[in-house]
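Values quoted throughout were computed directly from the atomic coordinates according to the rules given, and no laboratory measurement underlies them. Every value quoted in this text rests on a predicted model; they were computed, and no experiment measured them. Here the Cβ is made from the backbone with ideal geometry for all residues, glycine too, and neighbour counts use every protein chain on show.
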Amino acid sequence: MNENQLNNLAENIREEGYNPATSGTDLVYDPASGEFRTVPRGYSPSNGETVTKFTEGGFASESGHVMVYLREDELKSAEEALGSAEEVPAYVEEIDSDEVFHIHFQPEIKKLPGELRLPGFCTRDRNAINGLSHSSLRFCVLLTEDGPEVWYRLRPLKSRQWAQAEAFIVPSEENLFSRSKGILEVDILRDKRVLVIGLGSFGSQISIELAKAGVGHFALMDFDRVELHNLSRHTATIHDLGRLKTNVIEEAILGKNPYAKVEKFPVNINEDLPLLYEEVEKADLVICATDNNTSRFNISGALVEKGKVGIFGRAITRAEGGDVFRYRPGGPCYCCVVGAGNLQEEEISDVASARRDGRIAAYVSAEDAEAMVQVGLSSDIEPICNLMVKLALVELSRGKESGISSLEEELTYDCYLWANRRDRHYANWKPFPAAGQLPSILRWYGVKVNKDEHCPICSGNIVLDDGEEEINAMASNIDLNQ
Amino acid sequence: MDNARYQAELGVLRRKLPNSWYCFEGIGTSTPTLKMAARTNSGNLYTLHFDLSQFPMSIPKVFVTRMLKTKSGLEMRGCSASMHTLDSEHGWTRICHYGYSSWTPNVSLYKVFIKCRLWLEMYEAHLRTGKEIQYYLNHQA
């Protein structure tokens, strides 16, 4: 029996009233007679052996186990709409071929790459799936007193027979993060607004982590697009090449928390300071994940003026380590930290960006510039992102009783240092097992930073470094007559 | 540059230099500038133009308000590691005075001015000796 004959046999069985939702059929080959026959699924044949179960649902099943996901809030809207109409349209997205489908009642729900949208409808009338109407429709959400049922047919059948899928309900916003309750104040986080500036390897991960924690409002700032060299550390995929990072991360956030509100600003903040100040004022917390000091100083200025909390993070060369700084109103600002010399030179991950802000001097050749790009691994920056997320959650939940309240007593420093490897700056550190109380890699170290009383950004009492002594000393060492 | 910073800069310049040596323009706009006179030891007078549009968060661009030439007569138009110049604008030679990693908002315009004044001395030494500016910085400083 060839494949066509087997398909015909399957079709005949379905025509006879086979119901894949309630039974399955296996195909048995009897070597004595040389014939195929069908048996109920799970039945052990006395002669012959089960040779195929065409699909997960059994031989002659129209398909395997079909799972359908519906969102609770959309179902409520559909129910309301059915008060004045017999049917409302449904939009079905095929996620994995013939197996998993997501049904929406709003056409504007975005399609993911590779999704196929199929037509469907929602009704209270059970006759709708028995009649001859809807010949082109493949999915029916039947609202019953016991809850929604989803019926489907993956190919229009001669018999017009519908099968019931297994329906799963995605909970509404208030229940989406119920598993985090007790650890996080999810009700509070839902109303918080986080401004994330810079959506590179740091900002992308942190945004998504905060969305997973239940933060409800995001403002995303980055003018850059996804490039090939981003992929090894960014959350973006190869399908995102060329897209604005703000769009990519918005999608990722909504993928974790479809109820999150996201505003996007694909701008260079150094060129639009009024917008920066406006957005900092609106935010409950600012994540500074940019890759240059000009933007960090600008963000620091905005945080000081608007009295907001900000978390800064970066990696140093080849991500051999990194640092995290938290600004809290009244405390030392980013400029105080840089001025105090607590931070090492940062990594260069992108030539174009480094050229733009002068980290690679303009006279450095293209070849030498490429050699200066020394990025670390994604796994090297993740610990830094992780601490930034923890600090962010502590700040957003500060003063509220939750499972992370105790971290308020741990994370009291302004600045934290991390080393991934015993390279360059950390070459003289002891190996991890033998370090004892000495500095070693893979541990966080808190640094107390004093506020600079004359800081030009946060002190209100600017005393500038005129540098005369330093420069006079330099000049006295130069003999211009040689 | 906000008003507090402007007043602080002005305070330093007033202490260090005669009033006629400097002139701010466009303060409070998106394109503030500073012009400063610089007289070298040999008595030559140069005008320095400071672009303050992103100052103090970013390094100010500083230009000598003419196109200088090297001892061999080439215009100092482009980036040069050995002569410490960056790409020119407005037809003016641009001095590379601060590196990215050493810049903080604490640095005063006066300090930048002094470094540029030193650059001018080294430039004139270059005209006399033919040695590049890098020679004086790397070998002596």
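Averaged across the residues of A:455-463, what count of C-beta atoms belonging to other chains lies within 10 Å of each residue's C-beta?
5
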Taking amide H positions as placed in the peptide plane 1.01 Å from N, state which residues far from A:Leu184 in sequence (5 or more) or on other chains have amide H under 5 Å from it. A:Gly403
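Quick one, can you get me the convex hull of the C-alpha atoms of chain B expressed as volume per residue in Å³?
On the way: hull volume 16.1 nm³, N = 141.
Per-residue hull volume (Cα only) is 114 Å³.
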May I ask you to evaluate 6.51 cos²θ - 1.76 cosθ + 1.60, the Karplus curve with θ = phi - 60°, for each residue of the stretch A:275-289 and list the ³J(HN,Hα) values in order in whole Hz, giving x for glycine and proline? 5, 4, 5, 4, 6, 4, 4, 6, 7, 8, 7, 10, 9, 9, 10
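Which of the trypsin sites (Lys or Arg not before Pro) found in the stretch A:216-262 are in a DSSP loop and have at most 15 neighbouring Cβ atoms, other than their own, within 10 Å?
A:Arg243
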Could you give each residue of the stretch A:203-212 its phi-based ³J(HN,Hα) in whole Hz, using Karplus coefficients 6.51, -1.76, 1.60 with θ = phi - 60°, and x for Gly or Pro? x, 5, 5, 5, 4, 5, 4, 5, 5, 5
Counting only residues 5 or more apart in sequence or on a different chain, those whose built amide H sits under 5 Å from that of A:Gly376 are A:Arg318, A:Ala319
Debye calc, one equal point scatterer per Cα of the stretch A:178-447, no solvent, log10 I(q)/I(0) at q = 0.08, 0.11, 0.14, 0.17 1/Å comes to -0.31, -0.60, -1.00, -1.48
Counting only other chains, and only Cβ atoms inside 10 Å, what mean value do you get across the residues of B:57-66? 3
Going down the table (B:Lys16/B:Lys115; A:Lys212/A:Lys448; A:Lys308/B:Lys16; A:Lys245/A:Lys282; A:Lys212/A:Lys451), which pairs top 26 Å between alpha carbons? A:Lys212/A:Lys448; A:Lys308/B:Lys16; A:Lys212/A:Lys451
Counted neighbours (other Cβ, 10 Å), sorted fewest up, put A:His104, A:His229 in the order A:His229, A:His104
Could you derive backbone 3J(HN,Hα) for the stretch B:105-113 from the dihedral phi with the Karplus parameters 6.51, -1.76 and 1.60 (θ = phi - 60°), listing whole Hz in sequence and x where the residue is Gly or Pro? x, 6, 5, 7, 5, 5, 5, 4, 4
Alpha-carbon gyration tensor eigenvalues x 5, square-rooted, for the stretch B:1-68, Å: 22, 15, 9
Tell me which lysines have Cα within less than 23 Å of A:Lys76's Cα, excluding those fewer than 8 residues away on the same chain? A:Lys110, A:Lys111, A:Lys256, A:Lys261
What share of Cα pairs, in percent, lie more than 14 angstrom apart in the stretch A:282-321? 48 percent
